[in-house]
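Right, one structure below, let's go through it.
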Amino acid sequence: MIVRSIREALVLLGLAALFGFSYSLITQRGLFASKAVPPGGPTGQIEMIDLAAARRAFEQGTAVFIDSRHAFEFRQGHIPHALSIPLNEFDQVFPHLTGIPATQSIIVYCDGTECNSSMDVGVRLMQAGYHNVRVFFGGWQEWSQQGLPSEAVKP
């Protein structure tokens with residue numbers, strides 16, 4: 001009886017580890033993060049902005065908004081005219097984005113304060129040579145909760 005219980009516990013532990021590794025691999029976070037950010041690297045240069053600053057940039061048309069959430073979430077709703085660059089697809093999507101000057105103001109967002117993909121995409125953009133990258137950390141949750149303009153991809 002005890003041996004069976006121990007065996008079942010080990011199987012459950014193994015399955016949990018397998019699911020955890022799979023999630024990390026799919027989202028490219030944790031153990032399988034594509035690039036570690038060096039200490040003192042680009043994250044210290046990325047400005048965090050609040051809803052008021054993001055809204056002002058949107059209304060004035062002074063920034064390109066980049067949504068770093070998964071494509072499915074982007075299709076459900078996003079800031080109008082935002083570009084979809086999901087963190088897990090950055091290497092495939094980014095080369096196809098042309099015409100954005102390195103000096104262009106870019107605001108990256110994701111779901112909200114519980115999501116860090118906006119920081120990761122912001123760092124990758126800075127590593128790619130963009131100099132004016134900011135992160136709207138309140139993200140889609142804060143934007144949509146305030147009833148600000150949004151659009152969805154129609155099927």
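The values are calculated or read from the model by the stated rules, or taken from the named source; none is laboratory data. The structure presented is a predicted model; accordingly, all values stated were derived computationally and were not measured. Cβ coordinates were reconstructed from backbone atoms using ideal geometry, including for glycine residues, and neighbour counts include every protein chain displayed.
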- prompt: Can you name the residue in the stretch 102-135 that is under 17 Å from Ala57 (Cα atoms) and free of Cβ contacts under 8 Å to residues at least 40 places away in the same chain and, of all such residues, is surrounded by the fewest Cβ atoms within 10 Å (Cβ to Cβ)?
  reply: Thr103
- prompt: Quick one: is Pro80 farther than 19 Å from His131 by Cα and either assigned to a loop (DSSP other than H, G, I, E, B) or of a type in the set (Ser, Thr, Tyr) (or both)?
  reply: yes
query: Looking at (1) at pLDDT below 55; (2) in a loop (DSSP other than H, G, I, E, B), which is the only condition Thr62 fails?
result: (1)
